[in-house]
């Protein structure tokens with residue numbers, strides 16, 4: 001069962017979907033899936049693979065079914081994080097777990113500073129620091145570089 005909701009704020013009307021019951025039937029926190037610039041429709045198939053979880057998906061402001069009232073066109077992670085936090089509060093179920101893809105991972109990390117969720121699962125993975133430059137090695141008597149250039 002999927003229900004669609006609209007959260008009205010001063011600057012935007014945010015559309016979100018809840019797949020499954022709230023509060024959750026097993027006491028686990030809902031799984032919140034976010035992407036950027038993808039809207040909730042991009043998570044429909046993935047959400048269906050979690051029949052044992054309550055899943056929340058949303059359309060970031062200005063994308064999909066969510067509308068902007070602030071006259072802006074940018075997508076600042078801190079603004080998106082405020083929207084996500086507002087949806088979490090509207091759910092009224094406490095902390096959530098997050099799966100975040102692409103720009104949604106940046107938003108999830110921005111949400112994290114304010115609490116309201118557990119550590120995000122990001123895709124692609126977010127590196128905490130630059131990876132070291134690979135060292136050359138010898139193979140068959142020739143020097144080669146492996147890894148990232």
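The values are calculated or read from the model by the stated rules, or taken from the named source; none is laboratory data. Keep in mind the model is a prediction, meaning the values are calculated, not measured. Cβ placement follows ideal geometry from the backbone for every residue including glycine, while neighbour counts extend to all protein chains displayed.
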Checklist entry - What do you reckon, is residue 38 part of a loop (DSSP other than H, G, I, E, B), surrounded by 19 or more Cβ atoms within 10 Å (Cβ to Cβ), within 12 Å of the chain's Cα centre (by Cα) and in contact (Cβ under 8 Å) with a residue 60 or more places away in the chain? => result yes
Checklist entry - Within segment 80-91, is there a residue that is in a loop (DSSP other than H, G, I, E, B) and surrounded by 14 or more Cβ atoms within 10 Å (Cβ to Cβ)? => result no
Checklist entry - Taking segment 56-71 only, how many residues are in a strand (DSSP E or B) and out of contact with any helix residue (DSSP H, G or I) (no Cβ under 8 Å at 6 or more places or on another chain)? => result 2
Checklist entry - Restricting the search to segment 65-86, which residues are closer than 14 Å to residue 35 by Cβ and touching a strand residue (DSSP E or B) at 6+ places or on another chain (Cβ under 7 Å)? => result 66, 75, 80, 83, 84
Item to check | Residue count, segment 92-104 (criterion: crowded, with 22+ Cβ neighbours inside 10 Å and under 19 Å from residue 66 (Cα atoms)) | outcome: 2
Checklist entry - Mind checking which pairs have a first residue in segment 1-29 that is within 15 Å of residue 88 (Cα to Cα) and a second that is assigned to a loop (DSSP other than H, G, I, E, B) and modelled with pLDDT under 90, Cβ under 6 Å, 6 or more apart or different chains? => result 22/93; 23/93; 29/95
Checklist entry - From the set of residues in segment 51-64 that are touching a strand residue (DSSP E or B) at 6+ places or on another chain (Cβ under 6 Å) and more than 18 Å from residue 106 (Cβ to Cβ), which is surrounded by the fewest Cβ atoms within 10 Å (Cβ to Cβ)? => result 53
Checklist entry - Which one is surrounded by the fewest Cβ atoms within 10 Å (Cβ to Cβ), of the residues in segment 18-35 that are under 18 Å from residue 82 (Cα atoms) and in contact with a helix residue (DSSP H, G or I) (Cβ under 6 Å, 6 or more places away or on another chain)? => result 35
Checklist entry - Mind checking which pairs have a first residue in segment 73-92 that is at positive phi and modelled with pLDDT of 90 or more and a second that is surrounded by fewer than 19 Cβ atoms within 10 Å (Cβ to Cβ) and assigned to a loop (DSSP other than H, G, I, E, B), Cβ under 9 Å, 6 or more apart or different chains? => result 92/22; 92/23
